[in-house]
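Notes for the one structure printed next.
The values are calculated or read from the model by the stated rules, or taken from the named source; none is laboratory data. The model shown is predicted, which means the values in this text are computed figures rather than measured ones. Cβ atoms come from the backbone with ideal geometry, glycine included; neighbour counts cover every protein chain shown. We work out accessible area using only protein heavy atoms, side chains counted, and drop any ligands, DNA or RNA first. Shrake-Rupley method; radii C 1.70, N 1.55, O 1.52, S 1.80 Å.
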Amino acid sequence: MAVLQKIRQRSLLLILVIGLSLLAFIVQDLYRKGDFGSNSKYVGTINGKDISFEDFRVKVSNVEKSGQGVTATQAANRVWDQEVAIALYAAEFEKLGIRVGKKHIFEVLKADQNIGQNQLFLNAAGKFDENKFTEYFKANPEQAQMIKDREKGDELNAKYQIYNSLVKAATYTTDAEGKWKYELESNKANFDFVSVLFSTIKDSDVKISDDEITAYMKENPKKYKADETRELEYVTIEDKASPEDEADVKKSITALLTGRVVYNNATSKNDTLPGFKSTTNSIEFVNENSDVPYDSTYVAKKDLPAESAEQLFNLAAGDVYGPYLKGNYYCISKSLGRKAGANAKASHILISYEGTQVPNKKEKRTKELAKAKAEMLLAQAQANPSSFMMLALMNSDDSSSQQGGDLGYFGPGQMVKPFNDFVFSSPIGKIGLVETAFGFHIINVTDKQDAVRLATIAQKIEPSEATVNNTFNKSVKFEMDANEKDFEKVAKEAKLTVNPSVKVKVMDEGFGAVANQRQIVHWAFDKETNVGDVKRFEVTNIGNIIVKLKKVNEAGLTPLDDAKIAIEPILKIKKKAAKIKAKMTGSTLEAIAKTNGTATQKAVDVTLANPALPGVGLEPKVVGVAFGIGTNKVSAPIEGVTGIYVVKTAAVTKAPALKIHTDFVAKVKSQTASYSGRIIPALKVDAKIEDNRPQFNY
């Protein structure tokens with residue numbers, strides 16, 4: 001009683017302590033999620049421009065609702081890329097002083113088909129009328145908000161159009177560039193050369209240290225800039241049926257083949273129920289006992305399970321085959337008969353006309369002209385059936401024209417009725433003409449298939465409750481053991497395979513061979529997760545994935561192990577080049593060749609546009625020196641792509657002068673067409689971008 005009295009006396013204090021503890025826990029959790037962090041209002045910053053979390057959230061939600069089947073992470077990444085591009089472009093617009101007025105905005109509006117082609121805003125000539133557009137929204141102020149809401153975006157779009165025009169104007173191709181292109185392709189050089197290839201020195205004779213690789217990255221920081229990543233290794237323990245589970249399903253479905261005795265409570269007697277072999281109502285029997293409902297479709301032999309196709313297709317009506325495996329199911333099937341010509345294959349030539357439901361007509365024509373053309377093609381096809389494919393390719397308004405009109409196999413009812421009726425009532429080889437809502441079809445019936453109708457009981461092979469429990473226990477035990485012992489050793493003891501390490505970035509959702517595992521990436525980047533930590537994740541349709549955080553790679557230079565693959569060969573070439581150059585001495589090519597145990601070679605009619613050396617490949621630097629050194633002079637050693645070279649030019653033949661270089665200007669211009677697509681990647685290189693999305697659980 002004394003204790004109870006003390007508790008009563010201090011109950012208020014206890015409530016306050018518990019309340020404060022809960023509040024502290026909530027605040028800590030919110031803080032960790034970024035809700036009370038220093039950047040809590042902003043999902044990111046691009047060159048000092050903050051992106052509001054609330055605006056970002058709404059945009060992501062709109063993308064998710066767009067019906068394009070994107071995941072939440074894909075939507076967040078798409079909106080983020082848009083926000084970065086807008087911020088970078090907007091800064092460029094400001095630098096260049098790009099301004100837009102009413103006229104520019106109207107051009108953007110007109111480009112939107114919902115506005116520019118809207119009958120409400122077209123004049124008598126069918127052209128967009130600004131006055132009609134303006135008057136409409138004056139008369140309908142409740143709808144004017146729609147235009148107001150898109151003003152900012154249209155203004156930005158208009159500025160982009162101006163900016164893009166400036167970029168395209170800046171990449172104008174001059175006649176001088178065309179002349180230069182002509183000379184690259186047409187001027188020719190003949191020269192002798194001596195080469196010592198890098199392959200003459202073994203890779204094992206050239207050592208590269210980690211310090212040298214790091215120093216090289218520091219000399220090229222932009223090229224080897226890396227985002228923050230986490231390196232993870234993992235084990236998968238699948239939720240799959242055991243051999244015992246599979247045997248149980250096979251036993252269960254086999255028992256359905258024959259009759260069984262059951263006790264009838266109503267009559268207090270045993271009743272003998274028919275099995276699948278003897279039942280008089282196979283369809284009802286299937287629907288009562290199968291995980292897959294009865295399907296009345298006739299099935300061609302090629303569409304039956306490959307391992308059992310022969311037996312199933314040749315079953316006599318009423319006979320039963322099985323059990324057999326079909327994917328994750330054990331099946332037994334009863335033949336309900338075979339149908340000749342159940343599926344057909346046909347080709348056609350479609351000749352449409354104005355008013356038919358065909359979007360890409362090859363030419364405009366009236367119904368009368370279409371019929372006349374179809375009858376002409378019918379006569380040609382009937383006279384020479386082997387020409388059908390070419391006639392379809394040249395004349396058909398259907399997309400199947402690219403396959404010579406071939407429509408593949410189809411069943412009854414899959415084509416419009418006149419087409420269907422002709423094909424299924426005609427023999428193979430019959431060519432005829434029918435009319436449908438699409439136009440006139442010249443049809444060639446090319447094949448027919450017999451098919452069988454099967455009543456199939458399919459029972460899915462799934463893990464039993466005992467198997468699921470065993471998998472769960474095994475996964476939990478592995479997680480606990482791996483948190484205390486070596487991950488690979490525990491996996492080996494459990495006879496599990498450790499998957500190759502996976503590197504993930506903070507906004508990734510794919511994880512190794514397992515797609516859309518954002519929960520794992522979230523955990524890997526959580527501040528509370530440390531190197532060596534292990535966690536188990538339940539993954540739908542897979543089972544359990546037990547993950548270990550193996551390594552944390554901070555943002556900065558590419559991790560050494562990753563960089564080594566690309567940089568080590570570069571540095572080895574540099575060291576090999578230095579060794580070879582030291583021996584490439586002599587006043588003549590012959591002397592240099594003798595010193596290096598090689599021979600002189602000749603290059604004839606080589607151009608700068610195609611700087612290929614015989615027996616070697618492309619060596620642009622070597623060929624460039626040959627063009628520029630002057631005749632009868634021995635060059636200094638040249639570091640090429642495949643080795644070290646010394647050249648002596650015999651002659652440079654210049655191409656005849658041209659007055660105009662139109663064709664060559666066009667070649668250069670085609671190379672610059674995609675330059676505008678490089679703007680954002682280039683701006684990103686020097687931009688200061690802070691991405692806070694993970695703080696908001698994206």
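Values for this structure:
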{"quantity": "Residue 581 accessible area, 1.4 Å probe, all protein chains in place, Å² to nearest 10", "calculated": "80"}
{"quantity": "Amide hydrogen neighbours beyond the local backbone of residue 329, cut-off 5 Å, H modeled", "calculated": "461"}
{"quantity": "Label-point separation, residue 582 to residue 489 (7 Å along Cα→Cβ), nm", "calculated": "4.7"}
{"quantity": "Sulfur and carbon atoms: percent of accessible area, the chain [1.4 Å]", "calculated": "53"}
{"quantity": "Computed helical MRE - 222 nm, the chain, DSSP H runs ≥ 4 contributing -39500 (n - 2.57), nearest 500", "calculated": "-13000 deg cm²/dmol"}
{"quantity": "Centre separation in Å (Cα based) which lies between region 78-106 and region 446-467", "calculated": "58"}
{"quantity": "Other-chain or far-sequence residues with amide H under 5 Å of residue 430's (modelled H)", "calculated": "445"}
{"quantity": "Size of electric dipole in region 231-385: Cβ of Lys, Arg +1 and of Asp, Glu -1, about Cα centre, debye, nearest 20", "calculated": "1300"}
{"quantity": "Nearest-20 debye value, region 401-555 charge dipole, Cβ charges on Lys, Arg, Asp, Glu", "calculated": "280"}
{"quantity": "Long-range HN-HN contacts of residue 187 with modeled amide H, under 5 Å", "calculated": "655"}
{"quantity": "Square roots of 5 times each gyration tensor eigenvalue, C-alpha, region 192-254, largest first, Å", "calculated": "57, 24, 12"}
{"quantity": "Using a Förster distance of 30 Å, the FRET efficiency for residue 261-residue 287 (Cβ separation, nearest 0.05)", "calculated": "0.85"}
{"quantity": "Histogram of C-alpha separations across region 609-698, 10 Å bin width, %", "calculated": "12, 22, 22, 23, 11, 7, 3"}
{"quantity": "Above-threshold pairs, the threshold being 19 Å between Cα atoms, out of 269/334; 602/633; 250/474; 218/527; 49/688", "calculated": "269/334; 250/474; 218/527"}
{"quantity": "Whether region 372-443 is rounded, prolate or oblate, judged on the alpha carbon gyration tensor where a/c under 1.5 counts as rounded", "calculated": "rounded"}
{"quantity": "Among 554-561, 567-574, 640-647, 619-626, the order from most to least packed when residues are scored by Cβ within 10 Å on average", "calculated": "640-647, 619-626, 567-574, 554-561"}
{"quantity": "Approximate spin-label separation residue 214-residue 541, in nm, with each point projected 7 Å along Cα-to-Cβ", "calculated": "4.5"}
{"quantity": "With eigenvalues of the C-alpha gyration tensor scaled by 5 and rooted, region 529-665, Å", "calculated": "52, 24, 13"}
{"quantity": "Per residue, in Å², the accessible surface of the chain once ligands and nucleic acids are set aside, probe 1.4 Å", "calculated": "59"}
{"quantity": "Note, ³J(HN,Hα) from phi for region 227-237, Karplus 6.51, -1.76, 1.60, rounded to Hz, x at Gly and Pro", "calculated": "7, 5, 9, 10, 9, 10, 10, 8, 10, 10, 10"}
{"quantity": "Estimated translational D of region 203-301 in µm²/s (Stokes, Kirkwood radius over Cα pairs; 25 °C; 0.890 mPa s)", "calculated": "115"}
{"quantity": "Heavy atoms of residue 423 accessible to a 1.4 Å probe, total area in Å² rounded to 10", "calculated": "0"}
{"quantity": "Relative counts (whole %) of C-alpha pair distances in the chain, using bins that are 20 Å wide", "calculated": "10, 22, 35, 27, 5, 1"}
{"quantity": "Cα gyration tensor shape of region 271-376, rounded if a/c is under 1.5, else prolate or oblate by comparing a/b with b/c", "calculated": "prolate"}
{"quantity": "Region 544-585-region 629-655 distance, computed between alpha-carbon centres (Å)", "calculated": "32"}
{"quantity": "Global form of region 459-556, assessed from the alpha-carbon gyration tensor, a/c cut-off 1.5", "calculated": "oblate"}
